[in-house]
Amino acid sequence: MSTIDDLGDVRGKRVLVRSDLNVPLQDGVIGDDGRIRASVPTINKLADKGARVIVCAHLGRPKGQVKPEFSLAPVAERLGELLGREVRFATDTVGDSARATADALQDGEVALLENLRFEAGETSKDDAERGAFADRLAALAELYVGDGFGAVHRKHASVYDVPQRLPHAAGGLIAAEVDVLRRLTGEPARPYAVVLGGAKVSDKLGVIANLLGKVDRLIVGGGMAYTFLKAQGHEVGNSLLQEDQLDQVRGFIEEAAKRDVDLVLPVDVLAATEFGPDAPHEVVDATAIPADREGLDIGPRTRELFASKLADAATVFWNGPMGVFEFDAFSGGTRAVAEALIASGAFTVVGGGDSAAAVRRLGLPEDGFSHISTGGGASLEYLEGKTLPGLSALED
Ligand code: ADP
Ligand code: MG
């Protein structure tokens with residue numbers, strides 16, 4: 001993959017940068033702005049080199065329609081603050097405003113186009129429709145830089161088709177993300193532990209299948225752990241359970257045993273009477289969850305067990321919170337695992353949007369981890385061994 005430096009002298013050139021600015025937005029107020037911050041270095045680097053930078057990105061799922069609540073306008077403002085430069089905002093993606101804005105840019109100036117997904121062509125499954133939109137996007141610029149790691153698993157116009165139409169390079173963020181993922185799938189330092197959590201085991205089946213052949217320890221917490229516990233024959237009460245995944249999970253349990261992978265499951269949980277921030281709860285053994293209770297976090301013995309499995313690890317990949325970290329009462333397990341990663345001194349990678357948000361919400365130091373990925377789905381698909389359209393398009 002070529003990098004920005006391979007593009008040569010970019011002064012005076014219009015460079016279309018595909019960033020991932022898909023942040024949580026409520027009534028025009030940005031929640032966690034981690035993705036905007038992660039996009040800053042590449043944009044600033046290009047602007048510092050005198051390029052005329054046209055940033056494009058998506059927000060949410062407006063499904064090809066102009067919906068004001070999905071406007072990137074608030075993001076343009078925050079981006080400007082973080083860049084320390086003015087960001088001109090185009091009120092459309094490839095229309096009059098976008099063309100006029102691109103034409104008016106001076107060397108070192110930055111513009112942001114309106115939400116790409118206001119155009120049906122961006123996400124269309126029809127190659128011709130997507131291609132037609134890509135033609136118009138590409139016409140705005142002379143060079144393309146792909147830096148929206150969180151979108152590289154999508155075969156979308158701005159991710160996949162535009163780089164086929166313009167000389168292109170990977171931005172710093174994508175380069176860094178790919179470096180890390182290569183380390184996790186290549187020859188990682190051992191012991192290599194993977195911690196998985198989050199809501200649904202079905203989201204992580206591919207990752208488990210692919211990583212079982214590479215890891216020394218697989219630690220499972222969060223909502224998905226209950227399908228594992230049930231597969232072992234334990235009752236899980238009202239806890240999250242995916243009945244339709246039980247066979248698959250039984251297969252993983254056998255596979256782990258066969259491959260000598262240390263599969264580590266919760267031994268106790270915080271069992272609550274209902275799903276809510278103030279739900280009454282108590283610690284119960286993972287093998288004895290009462291029928292009317294649901295496990296919303298891993299218990300204290302499990303936190304210690306997981307920490308002990310991470311203490312001497314050399315490489316750790318963590319994806320998925322250990323409990324409902326959005327509720328303070330059930331955030332302790334996630335905090336304990338995060339702290340164990342920080343304390344391990346291992347090469348530690350956090351993947352997954354909610355896991356990254358949890359790190360910040362819990363006030364943990366981001367620089368305590370070797371890398372916090374900006375792309376949940378993208379990093380998972382990479383670890384599943386899939387080819388990612390946005391990466392293959394950047395390779396030549
Ligand atoms: P990521 O985005 O990091 O990949 P996921 O999207 O897979 O993580 O899962 C995050 C969600 O899982 C969080 O909203 C969290 O509340 C939920 N979760 C974790 N543990 C449980 C549990 N025991 N019961 C219900 N939900 C859970
Ligand atoms: Mg998530």
For the stretch 220-268, enumerate the residues that are small (Gly, Ala, Ser), open to solvent by 50 Å² or more (accessible area, probe 1.4 Å) and part of a loop (DSSP other than H, G, I, E, B).
233
If you go through the stretch 189-213, how many residues are away from ligand 2 (no atom under 16 Å from the Cβ) and surrounded by fewer than 20 Cβ atoms within 10 Å (Cβ to Cβ)?
7
The stretch 355-379: number of residues that are within 11 Å of ligand 2 (Cβ to nearest atom), surrounded by fewer than 23 Cβ atoms within 10 Å (Cβ to Cβ) and under 12 Å from residue 34 (Cβ atoms):
2
Out of the stretch 190-206, which residues are over 13 Å from residue 344 (Cα atoms) and in a loop (DSSP other than H, G, I, E, B)?
197, 198, 199, 200
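I need the full set of residues from the stretch 320-349 which are within 15 Å of ligand 2 (Cβ to nearest atom), open to solvent by less than 30 Å² (accessible area, probe 1.4 Å) and over 19 Å from residue 367 (Cβ atoms), in order please.
Step one: of the stretch 320-349, the residues within 15 Å of ligand 2 (Cβ to nearest atom) are 320-326, 334.
Keeping just the survivors that are open to solvent by less than 30 Å² (accessible area, probe 1.4 Å) gives 320-325, 334.
Within the stretch 320-349, 320, 321, 322, 323, 324, 325 qualify.
Residue-by-condition table, conditions (1) open to solvent by 60 Å² or more (accessible area, probe 1.4 Å); (2) in contact (Cβ under 8 Å) with a residue 60 or more places away in the chain; (3) within 14 Å of ligand 1 (Cβ to nearest atom):
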position: 279; (1), (2), (3): no, no, yes
position: 285; (1), (2), (3): yes, no, no
position: 294; (1), (2), (3): no, no, yes
position: 300; (1), (2), (3): yes, no, no
position: 308; (1), (2), (3): yes, no, no
position: 313; (1), (2), (3): no, yes, no
Taking the stretch 217-246 and keeping residues of a type in the set (D, E, K, R) and in contact (Cβ under 8 Å) with a residue 60 or more places away in the chain leaves 217
I'm checking my understanding of the structure. Among residues of the stretch 107-121 that are farther than 23 Å from residue 34 by Cβ and out of contact with any strand residue (DSSP E or B) (no Cβ under 7 Å at 6 or more places or on another chain), which one is most open to solvent (accessible area, probe 1.4 Å)?
119
Residue under question is residue 114, and the condition is that it be charged (D, E, K, R), within 23 Å of the chain's Cα centre (by Cα) and not in a loop (DSSP other than H, G, I, E, B); does it hold?
no
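Could you identify the single residue in 53, 75 that is more than 22 Å from the chain's Cα centre (by Cα) and crowded, with 24+ Cβ neighbours inside 10 Å?
Sole residue among the options that is more than 22 Å from the chain's Cα centre (by Cα) and crowded, with 24+ Cβ neighbours inside 10 Å: 53.
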Does at least one position in the stretch 344-351 carry a residue that is in a helix (DSSP H, G or I) and either within 12 Å of ligand 1 (Cβ to nearest atom) or over 15 Å from the mean Cα position of the chain (by Cα) (or both)?
yes
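Is it true that some residue in the stretch 213-222 is over 21 Å from residue 302 (Cβ atoms) and either in contact with a Leu (Cβ under 9 Å, 6 or more places away or on another chain) or at pLDDT 95 or above (or both)? Please lay out each step first, then the result.
So in the stretch 213-222, the residues over 21 Å from residue 302 (Cβ atoms) come out as 213-214.
This time we only want the ones that are either in contact with a Leu (Cβ under 9 Å, 6 or more places away or on another chain) or at pLDDT 95 or above (or both), so: 214.
Scanning the stretch 213-222, I find at least one residue that is over 21 Å from residue 302 (Cβ atoms) and either in contact with a Leu (Cβ under 9 Å, 6 or more places away or on another chain) or at pLDDT 95 or above (or both), so the answer is yes.
The values are calculated or read from the model by the stated rules, or taken from the named source; none is laboratory data. Please read all numbers here as calculations on a predicted model, not as lab measurements. Using ideal geometry, Cβ is built from the backbone for each residue, glycine included, and neighbour counts are taken over all protein chains shown. Note: accessible area is taken over every heavy atom of the protein model, side chains too, but ligands, DNA and RNA are not part of it. Shrake-Rupley method; radii C 1.70, N 1.55, O 1.52, S 1.80 Å.
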